[in-house]
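Comments concern the structure below.
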């Protein structure tokens, strides 16, 4: 658990304060001691979580920013799932569910690798939010009775666009996966460089030791 010196001091002070107050009130050691430890633990956990949420992870973004981004995205996918419950078209509901799963898999990737925060924020703003609006309008129109005269054509056009939206979602996910590939490739190159350097140094040391042995040193 990482916590600042100030946080540690505050948590200890809180624990000691609780202990001293209860000791003064009930004149018994056991209960004040337990309460003091619990008071310290509660405060240190609170401060630790607060400091963690404010810690910059990448590109000026904090843990809190990442959590809020994921929360915003999940709220949109949850909204999409909710509105399609009113549809009788099972196939459309399945396609929307597929879109939600792709989006949520991106949020899971972001949790593991915060460096992709920019990609996900852009994905939510430029792709997921408009898709949410399209689905909501589609459901509203599809369930309106009597249905407007020109509604059928609009509904069909929307249904056809879902496959294109799915492709776009997958392309955005590919960007995140491509970054992971680049990161892995970089790590492999660093490892190979270190291994080669170690091998060269090791051979050099062995050669020097052999020379010293031959010279009787």
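How do the helices (runs of 4 or more DSSP H) wholly within the range 114-217 filter down when requiring 2 or more residues that are surrounded by fewer than 12 Cβ atoms within 10 Å (Cβ to Cβ) and modelled with pLDDT under 60: which remain?
Counting at least 2 such residues, we get 151-214.
Filtering the range 100-113 to residues that are out of contact with any helix residue (DSSP H, G or I) (no Cβ under 6 Å at 6 or more places or on another chain) and touching a residue at least 60 places away in the same chain (Cβ under 8 Å) leaves 105, 113. One residue stands out in the range 82-93 among those that are assigned to a helix (DSSP H, G or I) and out of contact with any helix residue (DSSP H, G or I) (no Cβ under 6 Å at 6 or more places or on another chain): the one that is nearest to residue 106 (Cα to Cα), namely 82.
Got at least one residue in the range 94-105 being in the same structural domain as residue 178 (by TED's automatic domain parsing), assigned to a helix (DSSP H, G or I), modelled with pLDDT under 95 and out of contact with any strand residue (DSSP E or B) (no Cβ under 9 Å at 6 or more places or on another chain)? No, that holds for no residue.
To keep it simple, each residue is scored yes or no on (1) outside the structural domain of residue 127 (by TED's automatic domain parsing); (2) within 15 Å of the chain's Cα centre (by Cα); (3) modelled with pLDDT of 75 or more; (4) assigned to a strand (DSSP E or B).
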residue	(1), (2), (3), (4)
21	yes, no, yes, no
24	yes, no, yes, no
28	yes, no, yes, no
34	yes, no, yes, no
49	yes, no, no, no
71	no, yes, yes, no
80	no, no, yes, no
107	no, yes, yes, no
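Which count do you get for residues in the range 114-136 that are more than 22 Å from residue 66 (Cβ to Cβ) and in contact with a helix residue (DSSP H, G or I) (Cβ under 8 Å, 6 or more places away or on another chain)?
The number of residues fulfilling the criteria is 3.
The values are calculated or read from the model by the stated rules, or taken from the named source; none is laboratory data. Quantities reported herein were computed from a predicted structural model and do not represent experimental measurements. Note: ideal-geometry Cβ built from the backbone for every residue, glycine included; neighbour counts use all protein chains shown.
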